[in-house]
1. What are the pairs, 6+ residues apart or on separate chains, where a residue within segment 146-163 that is under 16 Å from Gly93 (Cβ atoms) has its Cβ under 8 Å from a residue that is of a type outside the set (D, E, K, R) and modelled with pLDDT under 90?
2. Report, by residue number, each residue of segment 55-111 that is hydrophobic (A, V, I, L, M, F, W, C), outside any helix (DSSP H, G or I) and farther than 21 Å from Leu137 by Cα.
3. What is the number of the single condition among (1) buried (at least 16 other Cβ atoms within 10 Å of the Cβ); (2) in contact with a helix residue (DSSP H, G or I) (Cβ under 8 Å, 6 or more places away or on another chain) that Leu137 does not meet?
4. With Arg203, Arg186, Arg213, Arg238 as the choices, which residue is among the basic types (Lys, Arg) and free of Cβ contacts under 8 Å to residues at least 12 places away in the same chain?
5. Which of the residues spanning segment 196-229 are in a helix (DSSP H, G or I) and of a type in the set (A, V, I, L, M, F, W, C)?
6. For segment 273-341, which strands (runs of 3 or more DSSP E) that fit wholly inside it have 3 or more residues that are touching a Leu at 6+ places or on another chain (Cβ under 8 Å)?
7. Can you name the residue in segment 62-118 that is closer than 26 Å to Ala35 by Cβ and polar (S, T, N, Q) and is also surrounded by the fewest Cβ atoms within 10 Å (Cβ to Cβ) among such residues?
8. State all residues of segment 45-54 that are in contact with a strand residue (DSSP E or B) (Cβ under 8 Å, 6 or more places away or on another chain) and either of a type in the set (Phe, Trp, Tyr) or in a loop (DSSP other than H, G, I, E, B) (or both); if no residue qualifies, say none.
Amino acid sequence: MSTSIKTSPRTEDRNDPPRARRRALVLTGRSGLGASLERRLESLGVETDRRTDPRRAAQSGREEAYDLLVIDDSFPISIRESVVSAVRERSPGASAVWLSESASVAETVAAMRVGFGDIVALPLRPEEFEQRVGALLVRLDSLQRSSERAAHWRQVCRKLNLARRKADRAAAEARVDLDHAKEETRRQVEEAVVSSEFRTLLRQELDVESMLRTAMEYMLTKTGPTNAAVFLDNGDGRWNLAAYVNYRIPRTSIAAALDRIAEEVCPNVAGQEGILRFSDVGEFVESIGPDGEPLADQEVVAFGCRRDDECLAVAVLFRDRREPFPDSCAGLFDLLRRILADQMSSIVRIHHRAKPQWPEETGGSCDEGDWDIAA
């Protein structure tokens, strides 16, 4: 009495999760063979779905998942091919076995091309069938594990790529932040240097006109060649020219325009905190009348030098609009005008303290006898 040799479909790894039971689709027109196949497959732990109609078998293959397809030679090669194709649509990794009584070499080659993984001779020998099918299931398990590993590593790669892209974005944002920080630090250092230089120069001047000339000369080293005029309030709301720097327009040629600026422009500029840039010089010229024609081709910038809500001076700078002031000058003007206002305020306080003042009388009378007599 022979004993069946059962080949386990796969050796389970300890850490692998339990797999679902294998399923096989059996298509045979021989009832006795079908029953035998069911018993053999059941002994291998495979659930069997037996069909005798090729069309129903193909429909089942498209609708349900199978690990194994077994077909005997009751059907022509075209039928076998169509059923294999139907099963592979739903279950691409399924193995196929052809049972044949007398397969020729040509038929064997044709079956392999169609997609059969093995050909088992009939009549069926249970031990051989179990070994051959068991080997197919082992290979199927190996392929499935490889597929699962590949899917796992693809998922890992996707996560790593996502993390890398996030890291790249974070690094790019960090570089931008670093560049901004470096630029801000550079700007602050540059402002500190300019502020220190400007304050040192102005503190050496205690005369207003000399201080204004020094201030304008320093400002022009930072802005480039520029015509500049500084106006001071004479105390009754009227503004007078206190200093002028000639680049290309002599003072004598625009004396009338400067007078009109003092009358019409300075009061308006003194009441504003911002820096005014007259990109449309036509409006500026129109505001001061025909005397402003020499400025028609100039770009004009004006600002007040304020301290404690008081405007101590108004500066008007102008140069050919084909050589406009760069945007960076706005920050420079704002920095220098505050320092200029501070120095002017210091000079005014010094001059006030220098004026001789008689003490105001105190209450009560003062008799001659109240004076202290020096010994």
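The values are calculated or read from the model by the stated rules, or taken from the named source; none is laboratory data. Only a predicted model underlies this, so the values are computations on that prediction, with no experimental measurement involved. All Cβ positions, glycine included, derive from the backbone under ideal geometry; neighbour counts span all protein chains shown.
1. Hits for this filter: Ser147/Gly93.
2. Result: Phe75, Ala103.
3. (2)
4. Of the residues listed, the single one that is among the basic types (Lys, Arg) and free of Cβ contacts under 8 Å to residues at least 12 places away in the same chain is Arg186.
5. Phe198, Leu201, Leu202, Val208, Met211, Leu212, Ala215, Met216, Met219, Leu220
6. In segment 273-341, the matching strands (runs of 3 or more DSSP E) lie at 298-307, 310-320.
7. Here the residue is Ser102.
8. Once the filter is applied, which keeps residues that are in contact with a strand residue (DSSP E or B) (Cβ under 8 Å, 6 or more places away or on another chain) and either of a type in the set (Phe, Trp, Tyr) or in a loop (DSSP other than H, G, I, E, B) (or both), segment 45-54 yields Gly45, Thr52.
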